Structures are given as C-alpha cells and as structure tokens.
Amino acid sequence: MIVMRLRILSSLALLGGAAACTIGKTAAGWPVAKQPQGATVSLQSGSTVLTAELIEVAPDGVVLNRAGRLVFASFSVIDKLIAVGTDSEYTMGKRMPPTRAARAKLAMVSHFPQGMTPEIRQRMLALSGQTEIELLR
C-alpha cells in the first residue's frame with residue numbers, strides 16, 4: 001500500500017515538473033533572443049521621431065544605432081520610448097528618467113545589456129566613422 005502511494009506521488013511529481021517546464025513564455029517567442037542586435041526602439045523627442053537599434057542603457061539615457069551612426073538620447077529629452085517587438089513600453093512623463101527597475105528591464109533587450117566597455121565603445125565609434133557619439137537634442 002505504501003509502495004503504491006509512493007509510486008503515485010512520484011508520478012504526479014514527475015508530471016507536475018514536466019508541465020512546469022512548458023508553462024509561460026520562452027526565449028523562442030522573444031524576437032531579441034533570436035538575434036545579436038538589440039531591440040528596435042521607436043523614440044519620440046518633441047517633434048522628432050526616430051527608429052533605431054538599442055545599443056546601451058546608461059544611468060542618464062540610451063545609446064542608439066541609427067542608420068549606422070551612434071546617437072545618445074538623454075532621458076531628459078525623451079518623451080516616449082517603445083521597444084518594438086517586446087511587451088515593454090517605456091513612457092517618461094515630462095522627460096523624467098525611468099525607475100532603476102524600468103532601466104534594468106530595458107537594458108535586458110539592448111545590444112550590450114551589461115553596458116559597453118571603453119574598448120567596445122571605441123570600436124563601435126570606429127565602425128561608424130565617428131570620433132564621438134552624437135547627442136540628440
């Protein structure tokens with residue numbers, strides 16, 4: 001009797017564990033998990049709207065790759081930032097910076113979630129033919 005109960009409980013535990021592995025979102029359904037690039041973002045600053053790859057999220061703004069050029073947009077100039085193809089939208093009212101948690105979530109879909117090292121930054125600038133990152137005003 002005890003052996004039978006143990007077998008039933010073991011079977012239920014095994015089935016429950018297998019079911020848990022398939023419930024919820026997977027990386028296969030997340031566009032940025034299938035490519036080396038960061039998420040494509042749509043950024044609005046005043047009357048300017050641009051679409052670019054999200055390269056890095058810094059404490060004070062974001063670095064974007066727009067048509068092969070690196071551009072920095074301070075949170076103080078961003079009215080709205082949407083990460084296209086993800087379930088994340090970042091809207092900053094009155095051009096205020098997002099919370100630390102929102103920045104961390106946005107960084108996860110960037111090209112360099114851990115941030116760019118000075119060496120990587122120099123290589124990215126050299127590849128784009130720039131000596132410094134352009135500022136979005």
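The values are calculated or read from the model by the stated rules, or taken from the named source; none is laboratory data. Remember, it's a predicted structure, so these values are computed and weren't measured experimentally. Every residue, glycine as well, gets a Cβ built from its backbone with ideal geometry; the counts of neighbours run over all protein chains shown.
Observations on the model:
- Hits in the stretch 42-55 - residues which are under 17 Å from MET108 (Cα atoms) and among the hydroxyl-bearing types (Ser, Thr, Tyr): SER42
One line per residue, one yes/no per condition, for (1) touching a Pro at 6+ places or on another chain (Cβ under 6 Å); (2) of a type in the set (Lys, Arg); (3) under 16 Å from ILE133 (Cα atoms); (4) at pLDDT below 95:
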position: SER45; (1), (2), (3), (4): no, no, no, yes
position: ILE55; (1), (2), (3), (4): no, no, yes, no
position: VAL63; (1), (2), (3), (4): no, no, yes, no
position: ARG69; (1), (2), (3), (4): no, yes, yes, no
position: PHE72; (1), (2), (3), (4): no, no, yes, no
position: PHE75; (1), (2), (3), (4): yes, no, yes, yes
position: LYS80; (1), (2), (3), (4): no, yes, no, yes
position: ALA83; (1), (2), (3), (4): no, no, no, yes
position: MET96; (1), (2), (3), (4): no, no, no, yes
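- Residue count, the stretch 96-137 (criterion: among the charged types (D, E, K, R) and in a helix (DSSP H, G or I)): 6
- Close pairs from the stretch 126-137: first exposed (fewer than 11 other Cβ atoms within 10 Å of the Cβ), partner part of a helix (DSSP H, G or I), Cβ under 9 Å, at least 6 apart: THR131/LEU125; GLU132/LEU125; ARG137/VAL77
- Cβ-Cβ distances below 8 Å connect the following pairs, each with a first residue in the stretch 65-87 that is surrounded by fewer than 16 Cβ atoms within 10 Å (Cβ to Cβ), a second residue that is of a type in the set (Val, Ile, Thr) and not in a strand (DSSP E or B), and a separation of six or more residues or different chains: GLY85/VAL32.
- Given (1) closer than 19 Å to ALA104 by Cα; (2) free of Cβ contacts under 8 Å to residues at least 40 places away in the same chain, index of the condition ALA58 fails: (2)
- The residue list ALA27, ALA102 contains one member that is in contact with a helix residue (DSSP H, G or I) (Cβ under 7 Å, 6 or more places away or on another chain), among the aliphatic types (A, V, I, L, M), modelled with pLDDT under 90 and over 22 Å from ARG121 (Cα atoms), which is ALA27.
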